[in-house]
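These notes are about the structure you will find just below.
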Amino acid sequence: MLAFLIQRILWIGVTVLCVSLMTFGLIFASGDPAQMLAPTRQGQPPDPAVVARVREAYGLDQPIYIQFVRYLGHLAQGDLGYSYYFRRPVTELLVTKFASTALLAGLIMVTAIVIGLPVGMLAALQRDSVLDHGILIGSSLLLGVPTFLLALLLIYFFAFQLKWFPLGGYGTWQHLVLPTLSVALPTGMGYAIFLRTNMLSILTADYIRTARSKGLSEQMVAMRHALPNALLPVVTLASIDLAYLLTGIVLIETVFQYPGIGLQVWQATQQKDIPVIMGSVFFGALLIGFGNLLADLLAAWLDPRIRLGA
Amino acid sequence: MDDSHEVRLAQLPIDPHAAAFPPIVQSTSWSRLAFQRFVDQHVALAATIILVILCLMAVLAPFIAPYDPVQQFRKDGLDAAGLPVGPNAHYWLGTDGQGRDMLSRLIWGARISLGIGIAASSFSVLIGLLMGSVAGMAGGALDAVLMRFVDIVMSLPGFFVILLLVALFRPSLWITIMVITLLGWTYPARLFRTEVVALRERDFILAARCLGIPEPQIVMRHILPHLVPLAIVAIGLGVPGAIFAEAGLSFLGLGVPPPAPAWGGMIQFGTSYYRSSPLQVLLPGAIIVTTVVCFNLVGAGLRDALDPTMRRR
């Protein structure tokens, strides 16, 4: 167990290192950062003297490998550098942004599970009923809607027409409702369909037949014997999704102008704020690595049949 | 796809009279069964018809679009207040905020959005097929290195990297296809590797080896044909994700640059007039949803039809 954990955490370290190296390489492959950073006046090319000064000031005049090693040295001390644009430490900036994204992502996950589990159960237990077909059709439609479009539709009905919720922004709980729903609805319906499929295949298993032949009620069979096993893959999927949500709701944050990490990265790419981009990719890779590790641990904890370290 | 090896066996020159024997069961060829199973699924068939129409729309755009998609009709395309006009006899689906014909833009948009979706998904599957089958056939160190590389790419925070790449390389059609492919090939690679590893150990491959058939020929003649159905399904099921990614990028203004009519970009442009004329957002939105839902249905239908373990119900 300990060996497994150490191995996995080391591997996350290697991954994050490679990701940093790739990002670093990409930034330098795409052109001279000093050229982009130097102040320009109305479309004129920047003054070569200024570019040279900028290059020196940011240490961009040194060979790339030296720059990378220096970057790693700072990284090891928890220093991701300073934002070119905000003139604040990247770590500080990203932690606050990631915190507000984490709030939204957590809400999305809880809502998706609250929607998905009962709906999936209902569909599985009433297989081939009108309700089941309705759920199937509804979910395949919802899964075809891009989240930003769903967000715009929700805005139209609940913000323009009914005026129940604000258009966007940050502050009160009302601000969180529409962004949460626009991701949680399709995600939850995805879980519902996944749970339904699992339930239906488990309900034909031998141990379910045994439970039935013991004379247990159908409800007891479904809730106590089928559901726990059908839930396992859904839990694994959800814990992987959570890590992706932390880095993947850029569009929703843009639509609602929600000040999370996604909006921050989008702005940083517009402003060529390299330390912020590097830092976000670094943080994101770290989160995804630990998210996947968490998913594996959770799955092993819930299902004694899974052995770690294989 | 050919009719599997029944045909080839019949052509073997073991018995000179073999050709004279009629085939025992004519209708059980794999491709015929697959086609039959696909047709049997009415929903998938209907979705295919819609997709064919959409593709025709994309291909025939110059002939069927009533107007130039980027031409601005300032006289009758905008009302007195400079706002887009609704559907009328001239502009069947109305105009957008710059007086451009919506219908023409939607039709031309199919070229961009559908084209990028299909191209990115196909490239992803092709790269995945190559990497996966190389890793699966080679085994050992090369396999380990390639698969660890896949792990690393999979743990990239996808959307951040897309944003980074597009910002660095300036948005264009090919950059969009490239970034979607760059992040999309990993899942197919794992899929094909698993498949190749399983195939490699099968008896008919062993038989081919025993006959002294060189390794490249085994791959080409005996492994790849088994991967084709999987590849078709993977392409079909990959298109929705690619279309979502393209729409999202265009929505952020990082896709194919305006004035080119990409569906996601049309939604983004429409949000400025959303309150007064929701059609600006709903029309391109509806066509994206239709396309994606149809691809999902066709993909699922193909998966069921091409799966040789599934027999007709």
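Taken together, the values in this text are just the output of simple stated rules run on the coordinates, not laboratory data. Please read these numbers as outputs of a predicted model, since none were measured by experiment. Quick reminder, even Gly has a Cβ in these numbers, built from the backbone with ideal geometry, and neighbours come from all protein chains shown.
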Kirkwood hydrodynamic radius of the protein assembly as shown, Cα pairs, Å
27.4
Select from B:I177, B:I50, B:I288 the residue whose mean-square fluctuation is largest in a Gaussian network model of chain B (Cα-Cα springs shorter than 10 Å).
B:I50
Counting other Cβ atoms within 10 Å, keep those with at most 16, restrict to DSSP loop, and tell me which chymotrypsin sites (Phe, Trp or Tyr not before Pro) in the range B:131-188 are left.
none
How high is the relative contact order of chain B, in percent, counting Cα pairs under 8 Å that sit 6 or more residues apart?
23
Exactly which trypsin sites (Lys or Arg not before Pro) in the range A:148-255 are in a DSSP loop and have at most 15 other Cβ atoms within 10 Å?
A:K163, A:K214
Most fluctuating of B:A81, B:A58, B:A234 in the GNM of chain B (C-alpha, under 10 Å) is B:A81
Please build a GNM for chain A, connecting alpha carbons under 10 Å apart, and tell me which residue among A:Y244, A:Y170, A:Y207 fluctuates the most.
A:Y207
Diffing the range A:17-22: the Karplus 3J(HN,Hα) column from phi (6.51, -1.76, 1.60, θ = phi - 60°), in whole Hz with x for Gly and Pro, holds 4, 4, 4, 4, 4, 4
So for chain A, using the alpha carbon gyration tensor with a ≥ b ≥ c as root eigenvalues (a/c under 1.5 gives rounded; past that, a/b versus b/c decides prolate or oblate), I'd call it oblate
In debye to the nearest 20, how big a dipole does chain A give about its Cα centre with +1 on each Lys and Arg Cβ and -1 on each Asp and Glu Cβ?
380
Relative contact order of chain A: what whole-number percent is it, with Cα pairs under 8 angstrom and at least 6 residues apart?
25
May I ask you to list, by number, the DSSP H helices of chain B whose Cα span along the axis is at least 18 Å and whose average Kyte-Doolittle hydropathy reaches 0.0 or more?
B:42-59, B:102-138, B:140-154, B:186-200, B:224-251, B:279-306
Distant-in-sequence amide H partners of A:Y82 (H built 1.01 Å from N, under 5 Å)
A:V90
